[in-house]
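Chemist: Quick one: the structure is below, questions incoming.
The values are calculated or read from the model by the stated rules, or taken from the named source; none is laboratory data. This structure is a prediction, so every number in the text was calculated from the model and none was measured. Every residue, glycine as well, gets a Cβ built from its backbone with ideal geometry; the counts of neighbours run over all protein chains shown.
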Amino acid sequence: MSQIPTEADVLTMLDTLSNWGRWGADDQLGTLNFITPATRRRAAGLVREGVSVSCSRPISTDITADTSFQPLRFMVDSGEGRDTAPPERILQRRGAAEFIGMVFHGYTITHVDTPAHYFWNGRIYNGRSCNLITAREGAQVEAVDLLRDGVVSRGVLLDVAAVKGRWLEAGEGVMPEDLEAAEKAQGVRVEPGDILLVRTGYYARRRVEGPRNPGRDGSPALHVAALPWLRERSAAMLGTDTHNDVSPLPYPNLGNALHVVGLVAMGLWLIDNGNLEELSRACASYRRWEFMLTVAPLVLERVTGSPVNPIALF
C-alpha cells in the first residue's frame, strides 16, 4: 500500500514531477504533448458500435449546496405574449435570445482547467510569471483557446467505485494501488497520450442523496500521491467526477495540492466535475473501458478554462 506523502513530500513533487523545459522553453501545452497523430488514429480505431456518451453534468441556474457562483440566464427576448400581441408587434420580433453568465471553476460545472489556472510561488507552468494573467488582459499564456482544434485521444475509464463496490467517502483519496486494481479488474492499461477518467461515485451519490458542499462536507478525489503514477504512464489529461482534490484538504498549507502539482509543475490539464455515470454503464455493457474521447472547449481567448462536454465514442 502506498504511503501517504507528507506536506514536505508534496513540495518535493513540484521538482521531481516537473515538466518545465521538457518540451522547450516556449511550451504551453504541457502533458498534451503526449497526444500525437498516431495517438489520434489509434483512438479513432476504437469506434466500433457508433455510440456516443456524454461525460458532462447539466449546467443549472439553481442554487444548491455545492454552488460556488450561481450561473445566470437572462432572457434578452422571449415568446411571452407574442401570440396575442397586435400584428405589428408580432412582426417586430420573431425569436428568443438569452444572456448566459457563469464562473465555471468550482464544484458543479464540468470544465477544463488550463495550466494558467493555478500559481505557486508566483509561477505558472514552465516557469512563467503569474503576472501574465491580469485583470485587464486575462491569461496571456496557457489559455484555453490553445485547444481550438479540440483534444482527441484514447480515453480510459478506471472505475474505482465499481471495483470497490461502493462510492468513495468524503476525504478518501484514490491511490496508485486503486488505479492498478481497476486496471487489473477491467483488463486495460493506461498508456502514453491517454486521457484518464477516474470514477469515485461522487456524482452518483449526489444524484441519490442530493448536493453536498465539498468545503464543509468533504469529497473524495484522486490523491496527489497518484500523480507520480500518472507521470510514469505519461497520461495526457486527467478527469474525474469530483473537483479533483480531496476535501477536507489533507494539506491545508498547500491548498488544492493536486491542482498545484498537476497544473503548475506537470502542465497536466484537468477535467473537473465530470459525469461518469452513463459512461460507466456503457463500459460495463460493452465490457471495454477504452474508447475515443473528444474534448472540445469553447474557443475563449485569454481564459483559464472552459465549460466542456467530453464525448466518448464506442
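Chemist: Pick out, from region 19-108, the strands (runs of 3 or more DSSP E) lying fully within it that include 2 or more residues that are over 22 Å from the mean Cα position of the chain (by Cα).
Modeler: On the way: elements: 52-54, 72-77, 97-101.
Fully inside region 19-108 and qualifying: 72-77, 97-101.
Chemist: So, in region 46-69, how many residues would count as being farther than 23 Å from residue 270 by Cβ and without any contact (Cβ under 8 Å) to a residue 24 or more places away in the chain?
Modeler: Of the residues in that region, 3 qualify.
Chemist: Moving to a separate point now. If only one of 240, 304, 294 is in contact with a helix residue (DSSP H, G or I) (Cβ under 7 Å, 6 or more places away or on another chain) and of a type in the set (Ser, Thr, Tyr), which one is it?
Modeler: 304
Chemist: I need the full set of residues from region 10-25 which are surrounded by fewer than 17 Cβ atoms within 10 Å (Cβ to Cβ), of a type outside the set (A, V, I, L, M, F, W, C) and in contact (Cβ under 8 Å) with a residue 40 or more places away in the chain, in order please.
Modeler: Within region 10-25, 15, 16, 21 qualify.
Chemist: Among the residues of region 265-294, how many are crowded, with 23+ Cβ neighbours inside 10 Å and either under 18 Å from residue 198 (Cα atoms) or touching a Pro at 6+ places or on another chain (Cβ under 7 Å) (or both)?
Modeler: 15
Chemist: Right, next: Looking at the structure I just gave you, is residue 246 in the same structural domain as residue 164 (by TED's automatic domain parsing) and either under 17 Å from residue 68 (Cβ atoms) or surrounded by 16 or more Cβ atoms within 10 Å (Cβ to Cβ) (or both)?
Modeler: yes
Chemist: Can you confirm whether residue 145 is among the acidic types (Asp, Glu), touching a residue at least 40 places away in the same chain (Cβ under 8 Å) and part of a helix (DSSP H, G or I)?
Modeler: Values: among the acidic types (Asp, Glu): yes; touching a residue at least 40 places away in the same chain (Cβ under 8 Å): yes; part of a helix (DSSP H, G or I): yes.
Yes; evaluated as a whole, the condition is true for this residue.
Chemist: List pairs: first in region 111-132 and over 30 Å from residue 59 (Cα atoms) and assigned by TED's automatic domain parsing to the domain that holds residue 275, second modelled with pLDDT under 95 and surrounded by fewer than 24 Cβ atoms within 10 Å (Cβ to Cβ), Cβ under 7 Å, 6+ apart or cross-chain?
Modeler: Final answer for the pair search is none.
Chemist: Quick one: residue 23 ticks every box in (1) out of contact with any helix residue (DSSP H, G or I) (no Cβ under 8 Å at 6 or more places or on another chain); (2) assigned by TED's automatic domain parsing to the domain that holds residue 252 bar one, so which box is it?
Modeler: Every condition holds for residue 23 apart from (1).
Chemist: In region 112-150, which residues are among the small types (Gly, Ala, Ser), more than 12 Å from residue 264 (Cβ to Cβ) and loosely packed, with under 15 Cβ neighbours inside 10 Å?
Modeler: The answer is 129, 135, 150.
Chemist: Which residue out of 166, 136 is modelled with pLDDT of 95 or more, assigned to a loop (DSSP other than H, G, I, E, B) and over 26 Å from residue 246 (Cβ atoms)?
Modeler: On the way: 166 fails: over 26 Å from residue 246 (Cβ atoms).
After ruling out the rest, the residue left standing is 136.
Chemist: Hey, does region 277-293 have a residue that's at pLDDT 95 or above, under 29 Å from residue 48 (Cβ atoms), among the hydroxyl-bearing types (Ser, Thr, Tyr) and within 16 Å of the chain's Cα centre (by Cα)?
Modeler: no
Chemist: Among the residues of region 191-210, how many are crowded, with 20+ Cβ neighbours inside 10 Å and part of a loop (DSSP other than H, G, I, E, B)?
Modeler: Residues meeting the conditions: 4.
Chemist: Same structure, new question: Here are 52, 2, 56: which of them is surrounded by 13 or more Cβ atoms within 10 Å (Cβ to Cβ), closer than 30 Å to residue 180 by Cα and not assigned by TED's automatic domain parsing to the domain that holds residue 259?
Modeler: Residue meeting the stated conditions: 2.
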